[in-house]
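One structure is given below, encoded as structure tokens.
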Amino acid sequence: MGSPKSKLALERLGQDIRGARLRRGIAIADLAVRSGTSPSSIARLEKGDSGVGIGTLADVLVALGLIERLSDLVDIRKDDLGLALATQQLPKRGKTFASSMRKQKSQSDGNGNTDSDPEGIGF
């Protein structure tokens, strides 16, 4: 199930988690206890099983001291495509007060009566 790219990414994530665990000298059973899950879930996570929940991943990252890396997965400040698309959607220039008033006047009841008074005089 899933695309080949996602499968490869999950396998790489599992390998990295395994490497982090081994560098810290933590056994699978100990990591399972520290993260509140089963040893089989840790083993599945390290194999890149897509059925392991994201909550389990988060708990394992907490136990490994790497939880801040989870929020870096989709950091919108580093989303080049999203930022470029958002920039394209920005207005090219701002609207003046006069153009705003003309638009409001054209949407009025036809007699030039609007709910606001451009001269600031209210009667």
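List of remarks:
- Per-residue Cβ neighbour rank within 10 angstrom, fewest leading, Ile28, Ile76, Ile42, Ile17: Ile76, Ile28, Ile17, Ile42
- Across the range 8-18, computed HN-Hα scalar couplings (Karplus, 6.51 cos²θ - 1.76 cosθ + 1.60, θ = phi - 60°) run 5, 5, 5, 5, 5, 4, x, 5, 5, 5, 4 Hz from first to last residue, x flagging Gly and Pro.
- Between Ser106 and Ser71, the simple label model (points 7 Å from Cα in the Cβ direction) yields a spacing of 4.6 nm.
Just so you know, all these numbers are worked out from the coordinates, no wet-lab data involved. If you're wondering where the values come from, they're calculated on a predicted model, not measured in any experiment. In this analysis, Cβ positions are derived from the backbone assuming ideal geometry, glycine residues included, and neighbour counts consider all displayed protein chains.
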